[in-house]
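So the structure is just underneath, and the comments pick up after that.
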Amino acid sequence: MLSLVLGAVNQIAVAVSNIIYLEEIKQREEEKEILLSFSNSMAAVRTKHDLNAIINDQLKKLCNIRDYVISVIHENGKTHGGFIYNLDADYIRMPEFTKALNTKFDINDGVFDVFMVSDKPFIFNIAALLTRKDVPGYIRFWHGIGIRTVIGIALTRYSEPIGVLWIEPEKAETFDVFYSSLFSGTVVQLSIALSNILANEKIEDQLKEIDGYRLKLMEEKSYLQNEIETDNNHSEIIGSGEEMAEVFRMISQVSPTDSTVLLLGETGTGKELVARAIHGNSKRKEKLMIKVNCAALPANLIESELFGHEKGSFTGAMERRTGKFELAHQGTIFLDEVGEMPLDLQVKLLRVLQEREIERIGGKGGIKVDVRVIAATNRDLLKEVANGMFRSDLYYRLNVFPITLPPLRSRKGDIHGLANFFIEKFAKKTGKNVATFSEKVLQDLIGYHWPGNVRELEHLMERSVLLSPGPVIKEIHFSITQNRGNEKKAGHDHIKTIDENEREHILNVLNRCGGKVFGPHGAAVKLGVPVSTLNSKIAKLGIVKEKVVSVGKG
């Protein structure tokens, strides 16, 4: 009887053993099918969005995962940060999540470093981790959103860690699955996919960088061609008086440095020429000096012109554009008429001066720039600051080394030399045989008050060369609108400032338009300026629109 029982037990044991063996075979076959399916899905992965979708659709169900995140080791090999995360989670809209995601954590933060030496899964009790002295910010964040246990496993490339897969399991009883051969196989697939994604992103970044250099070279070429065409290659600044000697001394002092320079003076006094002299005598002279006329650009285009924009960042942005600051990297940027810059742009310019970093419109991050800044204005910036039209903090940032250029009327001794220089220049340019001017012409030039300064003299001499019938200019050809007799008489009378002339002109146009600023028949259209610019000038010049309307009606 006993032998019969023992025989039956042996038969049952063999049967059970066979069943277990068959179940193991079946399980291995199922695991192979699952891994094959997972592998086929992973083969189509090209971006982190593709990988995220597969983790969300397949891995979460396969391993009973509630939540997940993949962090990667940064290229510097010293820090790590979030790379792929659960897009369905509610917490991704929390500012704390954004902060944790954008933080670069040290790889030796007391938690992450265990994965630098082991590829085994580690289970972490969040509450226990919080008792430590220095706890990484991501651990505190997980605790804040209610996560109490996480499992981490290293993702490797050629046995070297490249990141970590962090998992919050659905139930504690499911821990065993993370030590199974099935999970190990999926981790291998994840590691390969992550490695490929990181490599692809690096290649894309390099291609973007190459494309950026290509665009920059094209813009530099275009800029240099424009510079040649505008004939701005002056070789010297002409002046022999005490005031110009002081200007020369200051140019010599500041040129070898990287200090910001603010050029002050009336229109036409040669501020751009001085800027070029400073750049040409600096250590940056082999690089570009980029000029931006802040008054010549519409307010809505200044930011794009200065800082650039990404493709599609606004209507009409058909391709990425390199801004002038980026184009001037390692060189000099000359901000002409900086006093005309709108207040909202002044804030952004101040940030660039403080941080030496620009951000393209539509860009995702800052771009470091090494640029020397030279600014120029014909306005009294302190007065503009007092009137609330110019930021005081920006003024003090720009006013590091101010140079004031004297008006031509206060350097009459230089008129002879300047006039001869321009005669020689335009005689050569036009092919005319004109060499000098008469004593009468010299006296007329000296007696004139030159509201347009050196630029006006330059244009006057060009016109006189063109109109001269012989080699000696015997008659000066002032513009038709200028009455020489009245000019000489006006030398002892009040000379209107630029602001006074501008105020009078705006008032006349406003009266003609019945005080209307905007619209097809408004003053802004007549003057050819944006409504915002005209309103700014009206406020600055103290024009009261209500009084204009009543005067217009009368």
In the stretch 105-129, residue modelled with the highest pLDDT [restricted to those that are among the charged types (D, E, K, R) and in contact with a Ser or Thr (Cβ under 9 Å, 6 or more places away or on another chain)]: ASP106
Out of GLU209, GLU286, I need the residue that is farther than 19 Å from LYS412 by Cα and modelled with pLDDT of 85 or more. Which one? GLU286
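Each row is one residue, and each column tells you yes or no for (1) surrounded by fewer than 17 Cβ atoms within 10 Å (Cβ to Cβ); (2) at pLDDT 80 or above; (3) out of contact with any strand residue (DSSP E or B) (no Cβ under 6 Å at 6 or more places or on another chain); (4) not polar (S, T, N, Q).
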{"site": "ASN501", "(1), (2), (3), (4)": "yes, no, yes, no"}
{"site": "LEU510", "(1), (2), (3), (4)": "no, yes, yes, yes"}
{"site": "ALA539", "(1), (2), (3), (4)": "yes, no, yes, yes"}
{"site": "VAL544", "(1), (2), (3), (4)": "yes, no, yes, yes"}
Residue hits (the stretch 130-158; under 24 Å from GLY185 (Cβ atoms) and either in contact with a Ser or Thr (Cβ under 6 Å, 6 or more places away or on another chain) or of a type outside the set (S, T, N, Q) (or both)) are VAL150, ILE151, GLY152, ILE153, ALA154, LEU155, THR156, ARG157, TYR158
Return the only residue of LYS287, LYS348 being under 16 Å from ALA375 (Cβ atoms) and of a type in the set (D, E, K, R). LYS348
Per the filter on the stretch 292-348, residues touching a Pro at 6+ places or on another chain (Cβ under 9 Å) and not in a loop (DSSP other than H, G, I, E, B) are ALA299, ASN300, ILE302
So the helices (runs of 4 or more DSSP H) completely within the stretch 355-470 holding 1 or more residues that are within 28 Å of the chain's Cα centre (by Cα) and in the same structural domain as GLU310 (by TED's automatic domain parsing) are 381-386, 392-398
Would you be able to say whether some residue in the stretch 21-32 is outside any strand (DSSP E or B), touching a Leu at 6+ places or on another chain (Cβ under 8 Å) and modelled with pLDDT under 80? yes
Given (1) buried (at least 20 other Cβ atoms within 10 Å of the Cβ); (2) assigned to a loop (DSSP other than H, G, I, E, B), where does PRO256 come up short, assuming only one miss? (1)
For the stretch 307-321, state whether one or more residues are aromatic (Phe, Trp, Tyr), touching a residue at least 40 places away in the same chain (Cβ under 8 Å) and farther than 16 Å from VAL371 by Cβ. yes
Can you tell me which residues in the stretch 158-182 are at pLDDT 90 or above, closer than 14 Å to LEU62 by Cα and acidic (Asp, Glu)? GLU168
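The values are calculated or read from the model by the stated rules, or taken from the named source; none is laboratory data. No experiment lies behind these values; they were computed from the predicted model shown. Glycine also receives a Cβ, built like all others from the backbone with ideal geometry; neighbour counts cover every protein chain displayed.
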